[in-house]
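What follows is a single structure, written as structure tokens, with notes after it.
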Amino acid sequence: MAPGGRPATRASTPHDEPRAPAHLDAVDVVRVLTVALVIAVHVLAQQPGGVTWSNGAPLIVLHVSREVFFLLTAFVLVYSYRGRAPSRWSTFWRKRYLLVCAPYVVWSVVYFLAGDEPLRPVGHALSGFANDLLTGGAGYHLYFLLVTMQVYLVFPLLRRLLAATRGRHGWLLTGAAVYQLGYYTAVQQGSALGVLTGRLADPSAYLPSYLGFIVAGGVAAWHAETLMRWTLERAWWVFAGCALALAAGVAVFFVQAAGLGQPPLVAGTVFQPVVVVESVAVAWAFLACGVAWQRRSAPGRRLVRSASDASFGVYLAHPLLLQGLLAVCAATGLTAVAQRQPSVLVTAVAVAVVPLIYLACWSAVAVTLRTPLSLALIGRLRRGTAG
């Protein structure tokens, strides 16, 4: 999803980044499917009637979307620069930060203006907006861009780590898993860990919250060919493992909601150890879908590539469309009607809305790609622009 995330195929210039390896069609599939999960989790979390049993259980599954995207971000970066470094890291950072920072600032303005915060007095409003820029608070999904910036910053260190541990990546993965499970457990339990206490209370926008996924994505990219071959040969094992992981996640939800008396909203939150397991399983299953599709000569490749290219813009724009849709429902009385219906029915309608939001945002992004606003709004150069 991250801008510029798809491995490029153009030639390098003397002071530019090195030529990237061949494009992986399977990664496009992973990206498109994960965007659908992102939209679904936001739609279901905001359905009329709030989070109940009917949408709380799906949410603990859909929440894996953020972790899958961080796995994917690290995978694409490491795969693109595997075995080679940019000729200048300053060039790498300048290009990457341009493609992230411009949309981050623009969409922070958009969501700040579309929010409920009063715009007067002006000084107070500007102070609030400045805080939103630092924390990603203008939109509930903008944390991803802040974490992406942090990933870009430490990417040279990640490459060195992967190179230094060559031949011992199994141990590196084990350490990443232990770290990630421990971190999510600490967040879930509300552990007081000295200076980390504040970060554990609101961990979404900080790289340490996802560091294990970043390392795991990097290791996967280092062994991309072996991983994809193994996945293709044992796809049904991957799917079976994913099914078991998702079943475990739903079971945890019901234990916490029914057995421990937690509200469904709390029982279905993202920072839970079982979500770590689910996230790896879902990412692997998505990859299995991608490599199987790629092996079948990737039918509809241009359509999937288009959706993949639009993914960052769809991610940025869909909460605004959802906000508008919810406002229309409230103004027309549909929200009140929905609140009187069985929650299972409301959840089913919410699920049906997901592809409509996806298609609407995808269409808008496709148009934007042909305008001078492309870089500012979706982090991609205007279609037809060199470089």
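The values are calculated or read from the model by the stated rules, or taken from the named source; none is laboratory data. As the structure is a prediction and not an experimental result, all values here were calculated from the model. All Cβ positions, even for glycine, are placed from backbone atoms using ideal geometry, and neighbour counts span all protein chains on display.
Gln47 versus (1) touching a helix residue (DSSP H, G or I) at 6+ places or on another chain (Cβ under 6 Å); (2) at pLDDT below 85: which is the lone unmet condition? Failing condition for Gln47: (2). Looking only at region 139-181, residues that are outside any helix (DSSP H, G or I) and more than 17 Å from the chain's Cα centre (by Cα) come to 4 in all.
In the condition set (1) among the charged types (D, E, K, R); (2) modelled with pLDDT of 95 or more; (3) closer than 23 Å to Pro48 by Cβ, Glu278 is compliant with all but (3). In the set (1) surrounded by fewer than 23 Cβ atoms within 10 Å (Cβ to Cβ); (2) farther than 23 Å from Ala247 by Cβ; (3) modelled with pLDDT of 95 or more; (4) not acidic (Asp, Glu), the condition left unmet by Leu72 is number (1).
When each of Ala138, Ala85, Ala163, Ala130 is tested for being small (Gly, Ala, Ser), under 30 Å from Val346 (Cβ atoms) and at pLDDT below 95, the lone residue that passes is Ala138.
Among Ile39, Ile60, which is the only one that is among the β-branched types (Val, Ile, Thr) and in contact with a His (Cβ under 6 Å, 6 or more places away or on another chain)? On inspection, the qualifying residue turns out to be Ile39. Please verify whether Thr185 is within 24 Å of Ile60 (Cα to Cα), modelled with pLDDT of 90 or more, surrounded by fewer than 16 Cβ atoms within 10 Å (Cβ to Cβ) and touching a helix residue (DSSP H, G or I) at 6+ places or on another chain (Cβ under 7 Å), treating the condition exactly as stated. When the stated conditions are applied, Thr185 passes them. Looking across region 243-269, the residues that are without any contact (Cβ under 8 Å) to a residue 60 or more places away in the chain and buried (at least 17 other Cβ atoms within 10 Å of the Cβ) come down to Ala245, Gln256. Selection of first residues in region 66-90 that are touching a residue at least 24 places away in the same chain (Cβ under 8 Å) and part of a loop (DSSP other than H, G, I, E, B) and of second residues that are surrounded by fewer than 21 Cβ atoms within 10 Å (Cβ to Cβ) and of a type in the set (Gly, Ala, Ser), restricted to Cβ pairs under 8 Å at least 6 apart or on distinct chains, gives the following pairs, ordered by first then second residue: Tyr81/Ala20; Arg82/Ala224; Ser87/Ser12. Scanning region 318-352 for residues that are over 21 Å from Ala57 (Cβ atoms), over 22 Å from the mean Cα position of the chain (by Cα) and surrounded by 14 or more Cβ atoms within 10 Å (Cβ to Cβ) yields a count of 5.
Quick grid of which residues meet (1) within 30 Å of Ser87 (Cα to Cα); (2) at pLDDT 90 or above; (3) of a type in the set (A, V, I, L, M):
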position: His15; (1), (2), (3): yes, no, no
position: Ala26; (1), (2), (3): yes, yes, yes
position: Arg31; (1), (2), (3): yes, yes, no
position: Thr34; (1), (2), (3): no, yes, no
position: Leu37; (1), (2), (3): no, yes, yes
position: Val43; (1), (2), (3): no, yes, yes
position: Ser54; (1), (2), (3): no, no, no
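One residue stands out in region 91-132 among those that are touching a residue at least 40 places away in the same chain (Cβ under 8 Å) and of a type in the set (Ser, Thr, Tyr): the one that is nearest to Pro156 (Cα to Cα), namely Thr91. Among the residues of region 115-132, are any under 20 Å from Leu72 (Cα atoms), surrounded by 14 or more Cβ atoms within 10 Å (Cβ to Cβ), under 23 Å from the mean Cα position of the chain (by Cα) and not aliphatic (A, V, I, L, M)? Within region 115-132, not a single residue is under 20 Å from Leu72 (Cα atoms), surrounded by 14 or more Cβ atoms within 10 Å (Cβ to Cβ), under 23 Å from the mean Cα position of the chain (by Cα) and not aliphatic (A, V, I, L, M). Against the conditions (1) crowded, with 20+ Cβ neighbours inside 10 Å; (2) under 19 Å from Val219 (Cα atoms), Arg96 satisfies every one except (2). Answer with yes or no whether Ser306 is of a type in the set (Ser, Thr, Tyr), more than 25 Å from the chain's Cα centre (by Cα) and over 24 Å from Val105 (Cα atoms). Judged against the criteria, Ser306 is not a match.
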